[in-house]
Structures are given as structure tokens and as C-alpha cells.
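Structure record follows, encoded as C-alpha cells.
The values are calculated or read from the model by the stated rules, or taken from the named source; none is laboratory data. Every value quoted in this text rests on a predicted model; they were computed, and no experiment measured them. So basically every Cβ, Gly included, is an ideal-geometry build from the backbone, and we count neighbours across all protein chains shown.
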């Protein structure tokens with residue numbers, strides 16, 4: 001007979017699960033799930049399959065967008081004496097789901113909070129995209145309505161970072177088209193079926209990708225990765241003169257040169273000399 005597993009200490013365990021390939025479940029994650037007193041799940045059918053894969057059966061309770069407010073107090077109370085594992089259907093909990101409130105309330109109640117890191121679709125897609133990774137912003141899902149989506153994209157446009165978005169297959173082409181119109185035709189990548197047999201990451205400009213998927217929307221959840229904006233064009237002499245002329249109506253030459261240098265990214269000394277010429 002197998003010896004009984006040593007119980008876990010009480011608290012909350014945030015457990016990352018595979019995003020496709022069950023082989024990506026870490027040994028530590030499998031161990032935590034096998035020993036948890038309760039597993040808070042997005043969909044019990046999905047998690048039951050994962051538990052079968054590692055050969056265990058554990059009590060499960062639903063925890064998702066539609067019931068989180070009502071379920072959370074009871075889960076937090078149970079953490080005082082039990083080990084509660086939090087999982088999502090795929091990937092790392094708290095990424096595009098309501099888990100952060102459970103963490104917040106668990107900490108406020110004085111319970112231990114432990115993370116068991118692992119797969120994350122956003123990071124996996126970023127590694128496949130071939131785009132800058134030194135600075136990136138996870139955006140999640142954009143609004144589905146056109147006007148709200150356009151407003152959200154306008155807020156993202158000046159951010160000098162690679163953007164990582166989630167999207168569904170049926171909405172993919174419309175989302176890519178909106179990104180192309182409002183961000184400019186940047187380089188991008190569309191990743192799907194990550195870690196599965198037919199994994200693919202298709203690269204191109206946003207408009208090229210929008211055309212590719214317009215008549216053939218892919219199945220499943222998608223990750224879109226968009227390159228940061230290019231370097232802004234240097235201000236011309238005419239731009240500098242116009243800015244100086246305006247600034248000189250309000251400021252002495254030295255301060256006008258400083259203001260324009262900061263605004264346009266130009267040399268302050270050269271601007272000061274030009275400001276004196278314009279005043280003369």
C-alpha cells in the first residue's frame with residue numbers, strides 16, 4: 001500500500017496548469033493538487049481531467065467570474081484550517097480571471113499564500129513572436145464593441161512596449177483590423193494552439209494578419225503580440241522654429257530654448273542660439 005500523503009499547511013496555493021500539453025504540469029504542481037484539501041476551479045470538468053491525468057481525486061468547488069463574490073468568503077474561511085488550491089482551466093490563475101481578489105482577501109485574513117508557477121499563454125506567445133521582449137504590456141481582452149475597443153486601442157498607441165492581447169477566433173480578424181487602423185501597420189504575431197500538436201505562430205503586419213484571418217477564423221483562444229511603435233521622427237528645423245517663435249511670446253530666450261528642447265528632444269544650446277537669432 002502507498003503511504004498516505006503528508007498534508008499541506010493551511011492557506012491558499014495558486015497553481016499554474018498546462019495550457020494544452022498535459023506534460024507541462026510541473027511535479028510540484030501535481031504534488032500540491034494531490035495533497036490539497038479543496039481545489040477551487042473554473043470548470044470542474046476540465047480540472048477533473050487534469051486530476052485523472054495525475055491519478056488523484058480531490059474535492060472541487062467552482063470559482064469563476066459569475067460566482068466569485070458569493071463563494072469567496074467561504075473559501076477564505078476554509079483557508080484557516082485547510083489547503084485550498086486555486087486553478088484556472090489553462091495556464092496561470094489571476095491572468096484574466098478574478099483570482100486576485102481571493103489573494104487579497106486571503107492575505108487580509110492572515111492566511112499563507114503560496115504560488116506554484118508554470119505555463120502562461122501570454123508569456124509563451126511572447127517567446128514565439130520574435131518581437132522585442134525587454135518591455136511588454138499584457139492587455140488581456142479588448143472590449144467587443146467597436147467604439148469601446150477603439151478607445152482602448154487609442155490609450156495603448158503611445159506606449160513604448162510590445163503589446164500582448166488575448167482574443168477569440170471569431171473576433172480575431174476584426175480585432176487585428178482595428179489594431180492596424182488605430183496603431184498603424186505594426187509588425188505582429190498571432191499564436192494559437194500553444195504547446196499542442198498544431199501549435200503555430202504566424203508573423204506579419206497587422207493588416208496582413210487581418211486579411212489572412214478575415215475569411216478563415218481559427219478555433220480556440222488566440223494570443224496577439226504587437227510590436228512597439230517605431231522611433232518618432234526627429235523634429236525638423238521648421239518645427240523647432242515654430243515652437244521657439246511661440247515660446248518666445250511667453251518666455252525669455254533661455255527658458256524658451258529649454259522648453260522646446262524638452263518637448264522636441266533637441267539640443268538646448270543650439271535652440272538658445274536660434275532663439276537669439278529669432279529675437280534679433
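Looking only at the range 98-132, filter to residues that are in contact with a helix residue (DSSP H, G or I) (Cβ under 6 Å, 6 or more places away or on another chain) and free of Cβ contacts under 8 Å to residues at least 60 places away in the same chain; which one of those is surrounded by the fewest Cβ atoms within 10 Å (Cβ to Cβ)? That would be 109. So in the range 195-215, with the set limited to residues that are touching a strand residue (DSSP E or B) at 6+ places or on another chain (Cβ under 7 Å) and under 25 Å from residue 23 (Cα atoms), which one is surrounded by the most Cβ atoms within 10 Å (Cβ to Cβ)? The extreme case among them is 201. Across the range 166-179, the qualifying residues are those that are over 15 Å from residue 152 (Cβ atoms) and touching a strand residue (DSSP E or B) at 6+ places or on another chain (Cβ under 9 Å), and the one among them that is surrounded by the most Cβ atoms within 10 Å (Cβ to Cβ) is 172. Residue 267 falls short on exactly one of the conditions (1) closer than 19 Å to residue 130 by Cα; (2) touching a helix residue (DSSP H, G or I) at 6+ places or on another chain (Cβ under 7 Å), and that condition is (1).
Residues are listed down the side, and each one gets a yes or a no for (1) crowded, with 18+ Cβ neighbours inside 10 Å; (2) under 18 Å from residue 120 (Cβ atoms); (3) in contact (Cβ under 8 Å) with a residue 12 or more places away in the chain:
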| residue | (1), (2), (3) |
| --- | --- |
| 10 | no, no, yes |
| 21 | no, yes, yes |
| 51 | yes, no, yes |
| 65 | no, no, yes |
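Note on the range 137-170: residues that are in contact (Cβ under 8 Å) with a residue 40 or more places away in the chain and within 29 Å of residue 17 (Cβ to Cβ) total 13. Of the helices (runs of 4 or more DSSP H) that lie entirely inside the range 1-94, those containing 1 or more residues that are in contact with a helix residue (DSSP H, G or I) (Cβ under 9 Å, 6 or more places away or on another chain), at pLDDT 95 or above and under 30 Å from residue 192 (Cβ atoms) span 27-35, 44-53.
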